[in-house]
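No lab work stands behind these numbers, since they all come straight from the coordinates. Not measured: the values here are computed from a predicted model. Don't worry about glycine lacking a Cβ; one is built from the backbone with ideal geometry, like all the others, and counts go over all protein chains shown.
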Amino acid sequence: MRIKINAVTDSATFPEQVDVIVIGGGIIGTSVTYELAKQGVSVALFEKGVIGGEQSGRNWGWVRQQNRDLYELPLAMRSLQRWEELSGEIGEDLGFRRSGILYGTQNEADVARWEAWGRQAKQMGFVSHLLSAQEVHERIGSQARWVGGIWSPTDGRAEPSLAAPAIATGAQRLGAAVHQRCAVRGLDISAGRVSGVWTERGRVRASQVICCGGAWSSRFCKPYGIELPSANILGTAFKTTAAPEVIQGCLSMPELCIRRRLDGSYTVAIPGRGQLDLAPQNIRYAARFYPMYRSKIAKKLKLRLNGSFFNGPEAAGSWSSHGVSPFEKIRVLDPQPDRALLNEALRTLVNAFPALAGIKIDHAWGGWIDTTPDLVPVIDEIENVPGLFIASGFSGHGFGIGPGAGLLCAQLITRHSPFTDMTPYRLARFAKGNVIREPQMM
């Protein structure tokens, strides 16, 4: 793989029956597994590749509340609490540090949006601080001509290479079963409801199953008549060599986002830039993504036609629960990074921070970001397939809000009162005939 992540040892015993099965070993799946095991639920997690091998190990490592969609803000706020608690509970470092997140801009309209957002967020209990041009310059010290910024000191960062593996290990210590390189091929349904799953190692019985499959979720759900609109966007990022500290935590600029890593290097990416494949799934749901396509978000995306039309998470085609599935054919999505974006981002980084002259790319990677039409995740119980739950479509925000989402999913599955209103996350909002909300993310 093009990324480096901590390895997780599989559980010694393969289960025949559990209360809940979790499909997918990213930050969402591991967090759900951990929260269920913490409640004493018998739970097994199955991952077709390795824990954290796809987007949960490829993201920027930001843990933020600032500039979230207001529907997501309660989830983000609770997640920050869980991030702070988890290392102590598990006894392992997830790399989480409350080092703050800073946004700077050369556009007055950005400052106006941040100010309006801040007023609404304050009513929900989150406070950030608008900065003048001089204050931004003092904090960043780059060569840009700032007009303003916003600072959220309670936000933080964590290490994608550490987090999902540590949470999975914590779940195992609480009694959860974790098995990698073991794809779930399909659901086992009896008398009209979920009775387990078919894995490549055979059937495992369970009365409840939650799909946390990221880029693969929509394809997994389609044979059961579940319309989960998802577009997978290919992002590019890289790790630098060790370099002087120009920002302690995370910094967002119009053409660059960076995070200081624990080893003295940076994770670097260009915000909003990526590629979208012309594949059956994207074509199928194109109409539902119209609000996003007409927004400024889509203007930064490149379209391409390649092998994903015939193979991968967005391809068409059926399979049997008793034969090799698409999930076994591609154990880990490990796409090539966009070389042009890498070169552009490195130039932008050095131009903004001359102190980083001579910095190099240590290694780079691509990652598939599962995206919904309104950029808000789906967290729901599926009425027409009793016993099935979905937590997917986190639209590039899953790492930061993963622990909160895991807690919310566990509450949903165990019938405990959820800590926030579930309405914004319901799958039904994308049903045919419904007006789909334009993305509100900043």
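See the values below:
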| read-out | value |
| --- | --- |
| Value at 222 nm in deg cm²/dmol, rounded to 500, when DSSP H runs of n ≥ 4 in the chain each add -39,500 (n - 2.57) | -7500 deg cm²/dmol |
| Three-way shape label, segment 318-419, alpha-carbon gyration tensor, a/c 1.5 | oblate |
| Kirkwood-based Rg to Rh ratio, segment 100-150, C-alpha trace | 1.00 |
| Cross-link pairs K48/K302; K329/K360; K48/K239 - those with Cα-Cα distance over 31 Å | K329/K360 |
| From phi via Karplus (6.51, -1.76, 1.60), per-residue ³J(HN,Hα) for segment 271-288 in Hz, x at Gly/Pro | x, x, 8, x, 10, 10, 7, 7, 10, x, 5, 5, 5, 4, 9, 4, 4, 6 |
| Dipole moment magnitude, nearest 20 debye, segment 88-185 about Cα centre, only Lys, Arg, Asp, Glu C-beta charged | 320 |
| Cross-link partners of K4 among aspartates and glutamates (Cα-Cα below 19 Å; sequence separation of 8 or more within a chain) | E47, E54, E92, D93, E159, D263, D334, D338, D362 |
| Between 0 and 90°, nearest 10: helix 339-352 axis offset from the chain longest Cα axis | 40 |
| Shape of segment 214-304, Cα gyration tensor, a/c cut at 1.5 | prolate |
| Reciprocal mean inverse distance between Cα atoms of the chain - Kirkwood radius, Å | 22.0 |
| Mean Cβ neighbour count within 10 Å, used as a protection proxy, ranking 68-74, 418-424 highest first | 68-74, 418-424 |
| With Cα atoms, 0 to 90° folded angle of helix 27-38 axis to the chain main axis | 60 |
| Residues whose placed amide H lies under 5 Å from that of V178, excluding near-sequence neighbours | S11, L45 |
| Fluctuation leader among A109, A286, A410 - the chain, Gaussian network, Cα springs under 10 angstrom | A109 |
| Sorted by Cβ neighbour density within 10 Å, fewest at the top, the residues L102, L412 | L412, L102 |
| Packing-based ranking, highest mean first, of 90-96, 355-361 given that Cβ atoms within 10 Å are counted | 90-96, 355-361 |
| Segment 32-158: Rg to Rh, with Rh as the Kirkwood radius over Cα pairs | 1.06 |
| Burial ranking of peptide ranges 60-66, 331-337 (average Cβ count within 10 Å, highest at the top) | 60-66, 331-337 |
| Cα shape, segment 49-93, gyration tensor, a/c 1.5 rule | oblate |
| Quotient of Cα Rg and 2.2 N^0.38 Å for segment 234-392, N being how many residues it contains | 1.26 |
